[in-house]
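The structure under discussion appears below in the form of structure tokens.
The values are calculated or read from the model by the stated rules, or taken from the named source; none is laboratory data. The structure displayed is predicted, hence computed values, not measured ones. FYI the Cβ positions are ideal-geometry reconstructions off the backbone, even for glycines, and counts take in every protein chain you see. Just so you know, the surface numbers come from the protein's heavy atoms only, side chains and all, with ligands and any DNA or RNA stripped out. Shrake-Rupley method; radii C 1.70, N 1.55, O 1.52, S 1.80 Å.
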Amino acid sequence: MYNLPQSTLVNRPLYKKAVFEKYNLKASERDRFDADVCRMAIVAYLSPAKIPALHPGQEVKEFYVLQVQLKQWDYDTKNILLLQKLIPQKIVFALEYDEEVQFCIFHTRLQQSEWKHIYDAEIPLKGLTFDDVWNNIVAEIGSLDTASEDTFEQQIINREEREKLLHQIEVLEKRCRTEKQTRKKYELHQQLLKLREELK
């Protein structure tokens, strides 16, 4: 599964009812969660005992892979963030829907991979320590550059700022196309030029 070593694979169901009761979720949280999630199971536990070739890291000693069967492709990310909050462990989430998988991992923000066919989906184990492996998984899922001088956190912030700028540009372009007044159109165009310059 996900090209992980056989020694790490487990099959430990995580029942929604148990999660609801243990963490005393509000009715609205239960309903939102239930609308997205069909069932869950811990499908892999990775530790030095399971993979002797990997040494414990300073930060990461072990981590889990939690498989989440979804009821719909367009799920609410708040449900995954809720699981991350409720389970105080390092977790790679494997979200499955209609024979496709999307991996998610929390680092500063929720990082999400592209959807892949279940048979092509892999969790890479690159590195000599669990810190290395975890960082490489974060980079793979979040499309972050391990060779960059910027930290992962800075790369995430830069990407968010870029996405915000792109959205602002898109909104301004629409307004510019529909604006009838010449003076107002010119002002919008100047704002557009400024935003495009920032984007560079």
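Filtered by the rule that a residue be within 16 Å of the chain's Cα centre (by Cα), assigned to a loop (DSSP other than H, G, I, E, B) and at pLDDT 90 or above, the range 84-120 gives 89, 90, 113, 114, 115. Annotation note: Cβ proximity below 9 Å between a residue of the range 116-137 that is touching a residue at least 40 places away in the same chain (Cβ under 8 Å) and polar (S, T, N, Q) and a residue that is part of a loop (DSSP other than H, G, I, E, B) and open to solvent by less than 50 Å² (accessible area, probe 1.4 Å) (sequence gap 6+ or interchain) occurs for 129/54; 129/57; 129/60. Inspection of the range 139-147 identifies no residue that is more than 22 Å from the chain's Cα centre (by Cα) and under 30 Å from residue 80 (Cβ atoms). Looking only at residues of the range 48-77 that are of a type outside the set (A, V, I, L, M, F, W, C) and touching a residue at least 60 places away in the same chain (Cβ under 8 Å), we find that the one that is least open to solvent (accessible area, probe 1.4 Å) is 57.
Within the range 167-185, the residues that satisfy the criterion of being surrounded by 12 or more Cβ atoms within 10 Å (Cβ to Cβ) and either farther than 16 Å from residue 196 by Cα or under 26 Å from the mean Cα position of the chain (by Cα) (or both) are 168, 169, 179, 184, 185.
Working only within the range 154-194, note down all residues that are in contact with a helix residue (DSSP H, G or I) (Cβ under 8 Å, 6 or more places away or on another chain), among the aliphatic types (A, V, I, L, M) and more than 30 Å from residue 138 (Cβ to Cβ). Answer for the range 154-194, where residues must be in contact with a helix residue (DSSP H, G or I) (Cβ under 8 Å, 6 or more places away or on another chain), among the aliphatic types (A, V, I, L, M) and more than 30 Å from residue 138 (Cβ to Cβ): 172, 188, 192.
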